[in-house]
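One structure below.
Throughout, read-outs are computed from the coordinates displayed, never taken from laboratory work. All values reported here derive from a predicted model rather than from experimental measurement. Glycine gets a Cβ as well: all are built from the backbone with ideal geometry, and neighbour counts include every protein chain shown.
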Amino acid sequence: MKPWSKTSATLGAAALLMCSGCGGRDLPKLAPVTGIVTIDGQPVEGVLVAFYPQGNTGPTGGPSGGRPGTGVTDAEGRYDLMYFEGERGAVVGPNRVEVTMVWPDGEPTPGVKDKVPRGYGAGSKLTYDVQPGKNEYDIPMKASGGP
C-alpha cells in the first residue's frame with residue numbers, strides 16, 4: 001500500500017469510529033398517544049393538543065423545561081402526538097394536557113372566535129397518565145368550559 005493510501009485508510013477508519021456514536025438521541029421514555037377531541041360530542045378540527053410532562057410547567061402554564069408531545073386535530077377531531085420530527089408520542093408518566101387554537105399567522109385572526117372552551121388552554125387542569133405502549137386519550141370538552 002502506498003503511504004498516502006495508508007494515511008487515507010487510517011483517516012477513513014478514524015472518521016468511522018468517531019461517527020459511530022453520531023446520531024444517537026438521548027430521549028426520555030416515549031409512548032404513542034392518539035385520541036379524538038370533541039366539544040359537546042362534535043369533533044373539533046384544527047386545534048393543537050399538547051401533553052406536558054408533569055412538573056415541567058412555568059408560572060403561565062407553559063413549559064419551563066420539558067418538551068411536550070404535540071399534534072393538530074384533523075376534520076374528525078383525531079390527533080396523533082409527535083415528540084419531535086421522526087419521534088411519535090409523549091413522555092411516559094403523568095402529563096398536563098392543553099388544547100389551543102391554531103391561528104394561521106400565529107396570532108388570533110380578527111373576527112374569528114377561539115373555539116377552545118375556557119379551562120382547556122394554558123393552565124389547564126386536565127391530566128393523563130401516559131403508559132408504556134399505545135395510549136388512546138379522547139378529550140371530550142364542554143362548550144360551557146372547564147375539565
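A compact table of results
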{"read-out": "Placed amide H near Gly46: partners under 5 Å, 5+ positions off or other chain", "value": "Thr73, Asp74"}
{"read-out": "Extension gain from Met101 to Lys113, taking 0.36 nm per residue of separation minus the Cα-Cα distance", "value": "3.4 nm"}
{"read-out": "Nonlocal Lys pairs with alpha-carbon distance under 27 Å, region 28-141 (8 or more apart, or different chains)", "value": "5"}
{"read-out": "Cα-projected label distance for Gln42 with Lys142, points at 7 Å along beta-carbon direction, nm", "value": "1.8 nm"}
{"read-out": "Three-way shape label, region 28-141, alpha-carbon gyration tensor, a/c 1.5", "value": "prolate"}
